[in-house]
Amino acid sequence: MAHTTGVLSREAQNEMLKKERRANNAWHKLLRNKMALVGFIIVCLVFLMAILAPVIAPCDPAAISPLDKLKGPGYVSSKGITHWLGTDEFGRDLLSRLIYGAQISVVVAIGSTVVGGVIGILLGLIAGYKGGLVDSIIMRIMDGMFAFPFLLLAMIMVTVLGSGIQNVIIAIGVANVPSFARMVRGQVHVVKNEEYCNAARALGEGDARILFRHILPNTISPIVVYATMNMASAILSEASLSFLGLGITPPTASWGNILTSGKGYLQTAPHLATEAGLCILITVIGFNLLGDGIRDVLDPKMKK
Amino acid sequence: MSEEILKVENLKTYFFTASGVAKAVDGVSYTLKKGEILGIVGESGSGKSVSASSVIRLLPKTGRVVDGTILFEGKDMRKISDKELRKIRGSDISVIFQDPMTSLDPVFKVGSQMVELIRTHNKVSKEEARKIAVENLALVGIPDPERRMNAYPHELSGGMCQRVMIAMAISCHPKFMIADEPTTALDVTVQAQVLGLLKELQEKTDTAIMLITHNLGIVWKMCDTVMVMYAGKTVEFADMKELYKNPLHPYTWGLLDSIPKLSDTEKAELKAIPGTPPDLRLTGKCCNFYNRCPYATDICREQVPELVEVAPGHKVACHHQNGVETLVRGKEAASDE
């Protein structure tokens with residue numbers, strides 16, 4: 001027994017193990033990465049904005065005031081309300097609308113990633129694990145979906161399903177399925193031939209158990225990275241769909257449709273499009289920085 | 001002691017590849033009694049591992065058992081359903097793999113893997129399973145088992161991981177264990193410890209073990225009976241003591257000679273068996289050892305030697321050692337050539 005305890009006392013060993021764990025802890029590593037920290041803070045702020053929208057928004061985002069329309073940032077209305085970011089073409093407070101717009105973006109980002117992720121991961125797991133004919137059928141369908149440009153696919157779906165936030169989530173989610181499936185399938189191919197999967201089988205575990213208890217957890221890090229990045233593109237997709245008039249329709253505020261309405265007043269009231277655009281830009285950058293950071297932390301080999 | 005646990009008869013496992021059928025195991029028979037350790041020896045690709053994985057149907061996709069019977073406690077392992085098989089795997093039959101570092105799932109703690117295994121095969125609560133796991137870790141000589149339960153596999157050394165694997169393997173009181181080169185990936189000093197542990201546990205629990213190895217030293221230390229395999233066939237089967245005292249097959253001689261001895265002078269060359277094993281797609285028409293055997297004659301090229309019992313419990317497959325003729329070890333090429 002003594003030979004493995006070595007020179008250190010048990011307490012000292014425990015302490016060392018704890019320190020090492022902390023140093024290797026993904027969370028701590030992430031916070032030490034400056035760019036990732038910036039991304040993390042941005043993402044947190046957007047989430048907070050979305051959750052606390054009813055509390056922090058200075059005005060009702062739908063309150064119309066025709067007299068105060070298209071005013072620039074800092075405008076004080078006749079009723080004595082300060083519109084910090086100006087007003088839109090109906091005189092609604094833009095700051096409030098952007099804050100409420102964050103709700104849409106966050107819900108769509110999470111919702112569509114969950115929809116696309118769950119379906120895509122399941123299909124990828126099955127295809128990768130079963131192989132053969134099942135694999136061929138699933139992946140050829142995915143290839144078929146890949147053949148359509150992402151936005152086109154989402155547009156087709158929204159056109160079929162109709163607009164509205166639920167349908168936007170479904171459309172973007174389903175359009176995300178093939179990339180999730182393809183990525184997961186590749187990972188499964190790597191993991192399923194690992195010795196521990198074989199060992200698990202030798203010790204009496206069934207297919208489903210091996211798939212979900214051993215293979216899935218071992219593929220989770222690339223999935224997390226991809227999902228984070230995917231949220232950024234989902235926000236962009238929602239904005240694009242709304243911009244094209246297929247996504248969230250006014251009067252519900254979304255960054256995409258604020259951008260659309262701003263398009264008409266680029267000369268007279270440029271703040272409209274600029275502010276909505278900046279919101280999208282910053283949020284997308286935030287998610288991408290966070291995703292990059294997570295990847296560096298979870299997969300040291302990929303770091304350049 | 002004489003209760004038969006495993007009876008394998010005329011097992012044939014072939015691999016169906018694009019370039020032909022490889023006869024990885026070609027007509028192998030053996031029995032294992034309760035509390036017995038059978039050593040399977042042979043060089044890489046001789047079919048040792050495949051003959052073991054055939055028993056628990058753990059073959060790669062291209063491999064298939066094409067003939068023979070495998071009886072485990074009277075149950076035909078080739079016919080039972082997948083569900084029954086899963087129940088047997090890990091509880092009645094367990095496996096210890098070659099590389100302990102990769103045989104444990106890297107994302108889970110050692111303890112949770114053990115608890116999960118115990119709960120797969122026994123109806124016990126999480127706390128009870130945990131207690132059993134800690135007991136087993138202590139049993140395999142892991143210091144401070146409570147703490148090790150919370151360690152991830154990468155935090156343990158190879159020897160420790162192998163002990164954990166053994167602890168997992170014995171956690172459901174198997175009647176039969178397959179140890180597939182359990183010490184190949186380990187340090188020599190750790191090898192001795194692990195083997196000692198295996199032997200000790202085996203004596204305590206009366207488990208039958210099939211020990212696959214290419215190290216004859218391990219066989220000497222551990223086994224009751226030994227089967228020497230070459231190119232998918234059994235070439236010699238004997239009691240461990242009998243094999244060392246009176247080895248009969250030229251291949252066994254080669255294996256024994258290739259172990260360097262302490263008594264060798266500095267200049268003595270290491271004796272290796274010349275040549276390489278035959279392509280498994282082409283075997284089965286002559287004595288497989290023909291091209292490397294210093295005693296080979298025409299009959300060796302033309303006929304497959306039968307496995308003949310030359311003395312009680314001692315079988316050998318050689319045309320010149322079938323009880324009628326005898327070869328003298330070290331005397332090259334028979335005189336009739």
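Odds and ends about this structure:
- Residue match in the range A:83-93 (condition: over 28 Å from the mean Cα position of the chain (by Cα), crowded, with 21+ Cβ neighbours inside 10 Å and among the polar types (S, T, N, Q)): yes
- Residue satisfying all of: in the range B:205-236; under 21 Å from residue B:29 (Cα atoms), part of a loop (DSSP other than H, G, I, E, B) and in contact with a Gly (Cβ under 6 Å, 6 or more places away or on another chain); modelled with the highest pLDDT among these: B:223
- Condition check for residue A:199 on (1) surrounded by fewer than 23 Cβ atoms within 10 Å (Cβ to Cβ); (2) more than 30 Å from residue A:168 (Cβ to Cβ): one failure, at (1).
- Meets criteria (over 30 Å from residue B:104 (Cβ atoms) and buried (at least 16 other Cβ atoms within 10 Å of the Cβ)) for residue A:246: yes
- Restricting the first member to the range B:142-153 and to residues that are in the same structural domain as residue B:198 (by TED's automatic domain parsing), and the second to residues that are of a type in the set (S, T, N, Q) and surrounded by fewer than 18 Cβ atoms within 10 Å (Cβ to Cβ), the beta-carbon pairs closer than 7 Å and six or more apart or on different chains are B:143/A:4; B:143/A:5.
- Flag if residue B:244 is surrounded by fewer than 20 Cβ atoms within 10 Å (Cβ to Cβ), without any contact (Cβ under 8 Å) to a residue 60 or more places away in the chain, outside any loop (DSSP other than H, G, I, E, B) and in contact with a Phe, Trp or Tyr (Cβ under 9 Å, 6 or more places away or on another chain): yes
- With a requirement of 1 or more residues that are within 11 Å of another protein chain (Cβ to nearest Cβ) and modelled with pLDDT under 90, the strands (runs of 3 or more DSSP E) lying completely within the range B:26-135 that satisfy it span B:93-96.
- In the range B:134-155, the residues that are surrounded by 19 or more Cβ atoms within 10 Å (Cβ to Cβ) and either touching a Ser or Thr at 6+ places or on another chain (Cβ under 7 Å) or hydroxyl-bearing (Ser, Thr, Tyr) (or both): B:136
So that you can scan it fast, the table gives a plain yes or no per residue for (1) in a helix (DSSP H, G or I); (2) more than 14 Å from chain B (Cβ to nearest Cβ); (3) at pLDDT 90 or above:
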site: A:166; (1), (2), (3): yes, yes, no
site: A:170; (1), (2), (3): yes, yes, yes
site: A:183; (1), (2), (3): yes, yes, yes
site: A:190; (1), (2), (3): yes, no, no
site: A:199; (1), (2), (3): yes, no, no
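- The one condition in (1) modelled with pLDDT of 80 or more; (2) assigned to a helix (DSSP H, G or I) that residue A:60 fails to fulfil: (2)
- Here residue A:258 does not qualify as at pLDDT 85 or above and either more than 23 Å from residue A:163 (Cα to Cα) or within 16 Å of the chain's Cα centre (by Cα) (or both).
- Residue count, the range B:1-24 (criterion: buried (at least 22 other Cβ atoms within 10 Å of the Cβ), touching a helix residue (DSSP H, G or I) at 6+ places or on another chain (Cβ under 9 Å) and under 14 Å from residue B:63 (Cα atoms)): 3
- Some residue of the range B:271-283 being touching a strand residue (DSSP E or B) at 6+ places or on another chain (Cβ under 9 Å), surrounded by fewer than 16 Cβ atoms within 10 Å (Cβ to Cβ) and closer than 22 Å to residue B:227 by Cα: yes
- Some residue of the range A:206-214 being outside any loop (DSSP other than H, G, I, E, B) and either in contact with a Ser or Thr (Cβ under 9 Å, 6 or more places away or on another chain) or at pLDDT below 85 (or both): yes
- The set of residues in the range B:153-201 that are among the basic types (Lys, Arg) and outside any helix (DSSP H, G or I) contains only B:175.
- From A:216, A:203, residue being in contact with a Leu (Cβ under 6 Å, 6 or more places away or on another chain) and either within 14 Å of chain B (Cβ to nearest Cβ) or among the basic types (Lys, Arg) (or both): A:203
- Among the conditions (1) surrounded by fewer than 17 Cβ atoms within 10 Å (Cβ to Cβ); (2) touching a residue at least 60 places away in the same chain (Cβ under 8 Å); (3) under 20 Å from the mean Cα position of the chain (by Cα), the only one that residue A:176 does not satisfy is (1).
- Checked against the criterion of being touching a His at 6+ places or on another chain (Cβ under 7 Å) and not in a loop (DSSP other than H, G, I, E, B), the candidates A:116, A:128, A:120 yield just one match: A:128.
- Residue within the range B:178-185 that is surrounded by fewer than 16 Cβ atoms within 10 Å (Cβ to Cβ) and under 21 Å from the mean Cα position of the chain (by Cα) present: yes
The values are calculated or read from the model by the stated rules, or taken from the named source; none is laboratory data. Quantities reported herein were computed from a predicted structural model and do not represent experimental measurements. All Cβ positions, glycine included, derive from the backbone under ideal geometry; neighbour counts span all protein chains shown.
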